[in-house]
Amino acid sequence: MSHDAWTAQTLDKMPTAEIMALASARRDAHWGRRVTYSRKVFVPLTNMCRDTCSYCTFVKHPSDPAAQIMTPDQVLAEARKGEAQGCKELLFSLGEKPELRYATARQALKHLGYDKMTDYLADMCALVLRETSLLPHVNAGTLAEDEIARLRPVAASMGMMLETISRRLTRPGMPHHACPDKVPLQRLRTLDRTGAQAVPFTTGLLIGIGETWDERIEALQAINAAHERHGHIQEVIIQNFQRKPDIAMAKHPEPALDDMLRTIAAARLILSPDISLQAPPNLHKRHVAYLQAGINDWGGISPVTIDYINPGHDWPEITKLADGCAQSGFDLCERLTVYPRFISARSAYLDPGLAARIAAMARGDGLARSQQLEAAE
């Protein structure tokens, strides 16, 4: 069956083992038995946000002593820690447009010399490029066309979790209520805007926050439709909701493993085969099952910084993850924040100012050069 023939009803009737077997075969046909990851340092530029999602522990209200905007010196300090540990990606994660809601955020930005968080983000990306060997990847949420154009020359790739396209989840009492950036139309527009500007882009689903199976399938189909229009979706993440004691959804049930496996496998069948599929390796320890469900990537793993979005879940040790992959018949390989198919001479997906730098960091097959290779050459 072609990827567009898989419907929620068809998939829902199939046993989990059958969906997983089909997904694994589809993965093997395009990606082989190689699974990848990106060695990254995680920089939370600001933990203030104008949205108040019920499942988020990352965001701090401006009145919280922990609320902050990192200074350029703090950004560089974290970047250099990552660089010293062999990281090649710097992931900028930040709350969405806090300056539009909070005077405290506006004042903090003004003290740094900025009116907009995305302008400050762009300059911090430029600082990282100028002072380190790292490639910035930005998770800045919904973006306007001019913001994408401002970030594109200094960000090798960008990302934003679609999470869901259910408007139902924006109603009172639901997790996205009063979250202007979580209105599905705004997030879908960002998918199209980044595609129109040829940005290598990461997106994905957050499952277990109250969405239905049909709504998950619709979200995957929407992602695939954007990719068919623009060809820019490089990876899709299937992320499972995790309970945390300090969130409104502290007692909300987490998705079961079977639910996660069915969603991963459905994604592999629905999405174009050239879209990489990942699941966070620190939010569930059933790595073999994830591989059997059709993933080909573990996402960013940091030897330096915690997962600020899920601080209670440690990153796996890369050597142990590699051993586990090998036992399942997979080779674990390091990639860059930009996937191999986007790395080529005069690629439309790479800003000319970044193209040579990215190409120099890549092996002949487009994956990341290892430090051992660099030393040998």
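The values are calculated or read from the model by the stated rules, or taken from the named source; none is laboratory data. None of these values were measured; they are calculated from a predicted model. Positions of Cβ are generated from backbone atoms using ideal geometry, with glycine treated the same way; all protein chains shown enter the neighbour counts.
Being within 20 Å of the chain's Cα centre (by Cα) and of a type in the set (Ser, Thr, Tyr): is that true of residue 190 here?
For residue 190, the condition - within 20 Å of the chain's Cα centre (by Cα) and of a type in the set (Ser, Thr, Tyr) - is met.
Can you find a residue that is under 25 Å from residue 275 (Cβ atoms), among the aliphatic types (A, V, I, L, M) and touching a Pro at 6+ places or on another chain (Cβ under 8 Å) anywhere in segment 14-37?
Checking segment 14-37: at least one residue is under 25 Å from residue 275 (Cβ atoms), among the aliphatic types (A, V, I, L, M) and touching a Pro at 6+ places or on another chain (Cβ under 8 Å).
To keep it simple, each residue is scored yes or no on (1) of a type in the set (S, T, N, Q); (2) buried (at least 19 other Cβ atoms within 10 Å of the Cβ); (3) out of contact with any Ser or Thr (no Cβ under 9 Å at 6 or more places or on another chain).
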site: 20; (1), (2), (3): no, yes, yes
site: 40; (1), (2), (3): no, yes, no
site: 50; (1), (2), (3): no, yes, yes
site: 53; (1), (2), (3): no, yes, yes
site: 72; (1), (2), (3): no, no, yes
site: 86; (1), (2), (3): no, no, no
site: 90; (1), (2), (3): no, yes, no
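Please go through segment 67-108 and pick out each residue that is closer than 20 Å to residue 141 by Cβ and part of a loop (DSSP other than H, G, I, E, B).
67, 68, 70, 95, 96, 97, 101, 102
Do we have any residue at all in segment 46-57 that's without any contact (Cβ under 8 Å) to a residue 12 or more places away in the chain and either of a type in the set (D, E, K, R) or outside any strand (DSSP E or B) (or both)?
No, segment 46-57 contains no residue that is without any contact (Cβ under 8 Å) to a residue 12 or more places away in the chain and either of a type in the set (D, E, K, R) or outside any strand (DSSP E or B) (or both).
Select from segment 332-374 the residues that are among the small types (Gly, Ala, Ser), without any contact (Cβ under 8 Å) to a residue 40 or more places away in the chain and crowded, with 17+ Cβ neighbours inside 10 Å and list them in ascending order.
Selection gives 347, 355, 362, 366.
When residue 77 is evaluated against the numbered criteria (1) more than 20 Å from residue 236 (Cα to Cα); (2) modelled with pLDDT of 95 or more; (3) of a type in the set (A, V, I, L, M, F, W, C); (4) surrounded by 15 or more Cβ atoms within 10 Å (Cβ to Cβ), which criterion, by number, is the only one it fails?
Among (1) more than 20 Å from residue 236 (Cα to Cα); (2) modelled with pLDDT of 95 or more; (3) of a type in the set (A, V, I, L, M, F, W, C); (4) surrounded by 15 or more Cβ atoms within 10 Å (Cβ to Cβ), residue 77 violates only (4).
Any residue in segment 10-37 that is on the phi < 0 side of the Ramachandran plot and of a type in the set (Phe, Trp, Tyr) sitting within a Cβ distance under 6 Å of a residue that is surrounded by 13 or more Cβ atoms within 10 Å (Cβ to Cβ) and not in a helix (DSSP H, G or I)? List the pairs, counting only those 6 or more apart or interchain.
Every condition considered, the pairs that remain are 31/296; 37/298; 37/301.
Looking at (1) farther than 24 Å from residue 263 by Cα; (2) in a helix (DSSP H, G or I); (3) modelled with pLDDT of 95 or more, which is the one condition that is false for residue 291?
(1)
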